[in-house]
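Let me begin by presenting the structure, written as structure tokens, before commenting on it.
The values are calculated or read from the model by the stated rules, or taken from the named source; none is laboratory data. Bear in mind the structure is a predicted one, so any value in this text is a computation, not a measurement. Ideal geometry is used to build each Cβ from the backbone, glycine not excepted, and the neighbour counts take in all protein chains shown.
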Amino acid sequence: MSFLVLQQLEKTYADGTHAVRGIELSVPRGELVVLLGPSGCGKTTTLRMVAGLEMASRGEIHLAGREVTRLRPSERDVGMVFQFYALYPHLTARENVEFPLRSLGMPKTEIAKRLAEVTDQMGLHGLLKQYPRQLSGGDQQKVSLARAMVRRPLLYLMDEPLGTLDTDQRLSLREIIRARQLELKVTTLYVTHDQEEAMSLADRIVVMAGGLIRQVGTPAEIYDQPLDLFVANFVGSPGMNLIPGTITHDGPTTVFTPAQSSVCLPLKRRLPIGRVTLGVRCEHVRQDPGGAFQGRVRTCEYLGHASNVHAQTDFGPIILRHEGAETPGTGAMLQLALDLDHVVFFDPTTEARL
Ligand code: ATP
């Protein structure tokens, strides 16, 4: 059995909101799993049920081979970090970090050892004597993370721990969290709606929508092989280009034709005749003098290392990645091709990948 198992987990709040609608998830020991999804999809509710802060309406939670569904938070041996720091204001940073170890009755020498270790690893030098009110938001969250990660519980539960921080602080704390988690190998559930954070931290990502899991996979699986149109559109910045069209057969060749166009794209795989939606990432739309279709540039977003070019084609808008400093001007006509090794297809009715 996996280390953390959620079986048909459901939550209906007293006002009738069906926040989580039957989640099945197995997490092996030591894995960092990110729950990713838009606001209101049930990420926090799921995490809070695992923590014991919300009671599940149905289903079971198993942790380290033991059913914990109805146990109090203190009986589950989990370490939690939330978006807001929740440090004890009357204790210094050092006392805050030591607090959970003292509560466990750990010997002083062991507490000192753990404090030194976490101070080094999380860069707390210079902060330890300060009270929370004397610390910046980023440093307060660093102390809050240290207070959770100084312990070695069965599970870390983190709910948008970097949500209120600026980009620099987010990047640096993200790296610190991952390094410490990898070293201690504590199984971790991490909630975010920031997909870049999810991609960079996760061993596996759980994409949620409407209280359900839409896909579980490695960041690369989620990005390259989305299971449905929702995941294709939600994951990635920008999301996948989605081009409605039809599949026809020309002898042995399968051909995709975008709706309202005469463009014919011969495919390398056989698909049944009918309506489909083609999905392609912007980095797999390329400028090619021999390309099968044209796009007129509407706008360019300069990203530093590259640009996202928004172009209008006969069959609708498309976004392509343009490498290099010179960006095409508004109104320029580009000859375009799709990298057909990297396209995916969806059934427009069921929205599932074909
Ligand atoms: P966010 O990223 O905005 O925090 P989330 O994915 O974490 O969103 P949840 O906080 O789990 O989503 O909320 C899921 C649904 O349950 C939402 O519709 C929310 O309004 C509702 N909800 C959350 N807590 C309660 C509550 N205590 N009572 C009633 N409904 C609630």
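Side notes on the structure shown:
- Checked against (1) over 15 Å from VAL33 (Cα atoms); (2) crowded, with 24+ Cβ neighbours inside 10 Å, MET158 passes all but condition (1).
- Contacts under 9 angstrom Cβ, first residue in segment 133-156 being closer than 15 Å to GLU183 by Cα, partner among the aromatic types (Phe, Trp, Tyr) and crowded, with 22+ Cβ neighbours inside 10 Å, 6 or more apart: ALA148/TYR156; MET149/TYR156; TYR156/TYR190
- Restricted to segment 311-354, the set of strands (runs of 3 or more DSSP E) holding at least 3 residues that are over 12 Å from GLU283 (Cα atoms) and touching a residue at least 24 places away in the same chain (Cβ under 8 Å) comprises 333-338, 344-346.
- Filtering LEU53, LEU71, LEU35, LEU47 for residues that are away from the ligand (no atom under 12 Å from the Cβ) and either over 24 Å from the mean Cα position of the chain (by Cα) or among the aliphatic types (A, V, I, L, M) (or both) leaves a single hit, LEU71.
- Residue, farthest from the ligand (Cβ to nearest atom), within segment 12-32, restricted to residues that are polar (S, T, N, Q) and without any contact (Cβ under 8 Å) to a residue 40 or more places away in the chain: SER26
- Those residues of segment 239-294 which are of a type in the set (S, T, N, Q) and exposed (fewer than 13 other Cβ atoms within 10 Å of the Cβ), in sequence order: THR253, GLN260, SER262
Residues are listed down the side, and each one gets a yes or a no for (1) outside any strand (DSSP E or B); (2) under 28 Å from ARG114 (Cα atoms); (3) touching a strand residue (DSSP E or B) at 6+ places or on another chain (Cβ under 6 Å):
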position	(1), (2), (3)
LEU165	yes, yes, no
GLN169	yes, yes, no
LEU173	yes, yes, no
ILE176	yes, yes, no
LEU189	no, yes, yes
GLU197	yes, yes, no
SER200	yes, yes, no
VAL207	no, no, yes
VAL216	no, no, yes
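- Taking the conditions (1) surrounded by fewer than 21 Cβ atoms within 10 Å (Cβ to Cβ); (2) at negative phi; (3) touching a residue at least 12 places away in the same chain (Cβ under 8 Å) in turn, LEU9 satisfies each one other than (1).
- Those strands (runs of 3 or more DSSP E) lying entirely in segment 1-96 with at least 1 residues in contact with a helix residue (DSSP H, G or I) (Cβ under 7 Å, 6 or more places away or on another chain) and farther than 30 Å from GLU117 by Cα: 4-12, 18-27, 32-36, 58-63
- Qualifying residue in segment 130-138 (condition: touching a helix residue (DSSP H, G or I) at 6+ places or on another chain (Cβ under 6 Å), more than 16 Å from the ligand (Cβ to nearest atom) and part of a loop (DSSP other than H, G, I, E, B)): yes
- Test: residue in segment 122-130 that is modelled with pLDDT under 90 and at negative phi: yes
- Taking the conditions (1) at pLDDT below 90; (2) within 22 Å of SER26 (Cβ to Cβ); (3) not hydrophobic (A, V, I, L, M, F, W, C) in turn, GLN195 satisfies each one other than (2).
- Test: residue in segment 67-76 that is closer than 25 Å to THR218 by Cβ, basic (Lys, Arg) and out of contact with any Lys or Arg (no Cβ under 8 Å at 6 or more places or on another chain): no
- Selection from segment 219-278 of residues that are among the small types (Gly, Ala, Ser), in contact with an Asp or Glu (Cβ under 9 Å, 6 or more places away or on another chain) and over 24 Å from ARG204 (Cβ atoms): SER261, SER262, GLY274
- Scanning segment 144-179 for residues that are basic (Lys, Arg) and over 19 Å from the mean Cα position of the chain (by Cα) yields ARG147, ARG151, ARG152.
- Scanning segment 79-98 for residues that are over 22 Å from LEU165 (Cα atoms) and at pLDDT below 95 returns no hits.
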